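Step one of this worksheet: look at the structure below.
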Amino acid sequence: MKILVLGGAGYIGSHTVKALCDKGVQVVVADNLLTGHKEAIDPRAKFYLGDLRDGAFLDDLFAQEQVDGVIHFAAFSLVGESVFEPLKYYDNNVNGTRVLLESMVKAGVKRIVFSSTAATYGEPERVPILESDRTCPTNPYGETKLAMEKMFHWSAKAYGIEFVSLRYFNACGADESATIGEAHQPESHLIPLILQVPLNKRPQVSIFGTDYPTKDGTCVRDYIHVTDLAQAHILAMEYLMGGGKSDIFNLGNGVGFTVREVIETARKVTGHPIPAVEEGRRAGDPAVLIASSQKAKEVLGWNPCHDSLEEIIASAWAWHKSHPDGFTEGAGK
Ligand code: UFG
């Protein structure tokens, strides 16, 4: 089996590339390195530098590498940025996916697994959230991911492409080797921001909102380990290879933790007091996001095994402690 991983130099992409290589799958990575890191790409994979929106690049790639399927991570993913620069998100996420689909149709590549997000739901109707629940994004990032899902839906009907869309909840943690992990520039996610305090990179962490209708007033999220996400992509591709039909799956642990609980667990893991300051709510944050991943478990046979928050944070801490400045190259470095 040969798989093309678009965005294989990014956080979840690089973990999936490693997991595929560990399984003996032939992996081809394409990435424009705008937010990804070359150093994060497993050396067993073949790397092409190029952009999703470049149809000629993709056509050449499909001509050179006879791939059996595509796993697509190549998208911008910062909620806050998407509000201020929506067209950047429509261009890369929606237009880029359109170019990719055109190239796949031309090359006769019929299977694709891609990253979607809990942000497609917006403010949930209920928790845990089911895949069939209302999708009503509250930011352009979520809108572009939903538009991508719809583009795949109609392309599946028209061109016989089969897709799996994986709606991640809060991706976190790092590979047990601690050689790859989360490295965003600038960092905006809770766990890496918390861990910057014991690394002496920031004096304190902010708590955005303490008046939510939750047990301690702070937002509740479903934190899912990145290597469990990586396994889900492999299972989804195997499902498609086995004749599985196009579908959408949530990926989370089904357990929610408050911001205060995450900070407290990080204090325990790092042994650092990690001062926290209470601030106002961040715009667009739903109070509670928890996945029902029953469907992924039943249909794909997914079995997330890192369900302890302490273990998740410990794996992130091992990565950040050994790479306090992230990767040494790529993403503008
Ligand atoms: N938070 C803080 N302080 C910080 C940073 C975050 O209190 O310094 C809080 C946020 O308000 C939120 C929680 O910590 O309640 C988690 O925030 P993250 O930014 O780490 O993650 P989000 O839940 O905002 O975002 C995640 C994914 C997105 C996805 C979104 C769906 O990272 O890709 O869920 O809502 F779009």
**OP:** Confirm whether THR144 is in contact with a Lys or Arg (Cβ under 8 Å, 6 or more places away or on another chain) and either modelled with pLDDT of 95 or more or within 11 Å of the ligand (Cβ to nearest atom) (or both).
**Re:** no
Subject >> Inter-residue pairs, beta-carbon under 8 Å, first at positive phi and in the range 112-141, second more than 8 Å from the ligand (Cβ to nearest atom) and in a strand (DSSP E or B), 6+ apart >> reply: GLY122/CYS136
Original post:
Within the range 80-87, is even one residue in contact (Cβ under 8 Å) with a residue 40 or more places away in the chain, among the aliphatic types (A, V, I, L, M), farther than 25 Å from MET241 by Cβ and surrounded by fewer than 17 Cβ atoms within 10 Å (Cβ to Cβ)?
Top reply: yes
Subject >> Scan of the range 144-171 for residues that are outside any strand (DSSP E or B) and either without any contact (Cβ under 8 Å) to a residue 12 or more places away in the chain or of a type in the set (A, V, I, L, M) (or both), ordered by number >> reply: LEU146, ALA147, MET148, LYS150, MET151, TRP154, ALA156, LYS157, ALA158, ILE161
Subject >> Hey, SER206 outside any loop (DSSP other than H, G, I, E, B), in contact (Cβ under 8 Å) with a residue 12 or more places away in the chain, surrounded by fewer than 17 Cβ atoms within 10 Å (Cβ to Cβ) and within 13 Å of the ligand (Cβ to nearest atom) or not >> reply: yes
Original post:
What pairs come up if the first residue lies in the range 219-231 and is open to solvent by less than 10 Å² (accessible area, probe 1.4 Å), the second is within 14 Å of the ligand (Cβ to nearest atom) and in a helix (DSSP H, G or I), and their beta carbons are under 6 Å apart, counting only those six or more places apart or on different chains?
Top reply: CYS219/VAL259; HIS225/ILE312; VAL226/ILE12; LEU229/ILE12
**OP:** Write out, first by first residue and then by second, each pair whose Cβ atoms fall under 6 Å of each other, whose residues are 6+ apart or on separate chains, and whose first residue, in the range 180-198, is open to solvent by 40 Å² or more (accessible area, probe 1.4 Å) while the second is among the small types (Gly, Ala, Ser).
**Re:** GLN185/ALA331
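Name every residue in the range 287-303 that is more than 16 Å from the ligand (Cβ to nearest atom) and either more than 18 Å from the chain's Cα centre (by Cα) or open to solvent by less than 20 Å² (accessible area, probe 1.4 Å) (or both), in order of residue number.
Looking only at the range 287-303, we keep the residues that are more than 16 Å from the ligand (Cβ to nearest atom), and these are 294-303.
Answer for the range 287-303, where residues must be more than 16 Å from the ligand (Cβ to nearest atom) and either more than 18 Å from the chain's Cα centre (by Cα) or open to solvent by less than 20 Å² (accessible area, probe 1.4 Å) (or both): GLN294, LYS295, ALA296, LYS297, GLU298, VAL299, LEU300, GLY301, TRP302.
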**OP:** Filter the range 307-329 down to the residues that are among the charged types (D, E, K, R) and over 19 Å from ASP228 (Cβ atoms), then identify the one that is least open to solvent (accessible area, probe 1.4 Å).
**Re:** GLU329
Original post:
Which residues, taken from the range 163-179, are open to solvent by 30 Å² or more (accessible area, probe 1.4 Å) and within 15 Å of the ligand (Cβ to nearest atom)?
Top reply: ASN170
**OP:** Give the residue, chosen from ALA45, ALA30, ALA56, that is farther than 22 Å from PRO186 by Cβ, away from the ligand (no atom under 16 Å from the Cβ), hydrophobic (A, V, I, L, M, F, W, C) and open to solvent by 40 Å² or more (accessible area, probe 1.4 Å).
**Re:** ALA56
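The values are calculated or read from the model by the stated rules, or taken from the named source; none is laboratory data. Being a predicted model, the structure only gives us computed values, none of them experimental. Don't worry about glycine lacking a Cβ; one is built from the backbone with ideal geometry, like all the others, and counts go over all protein chains shown. Ligands, DNA and RNA are stripped out before the accessible areas are found, and what is left, the full protein with its side chains, is counted by its heavy atoms. Shrake-Rupley method; radii C 1.70, N 1.55, O 1.52, S 1.80 Å.
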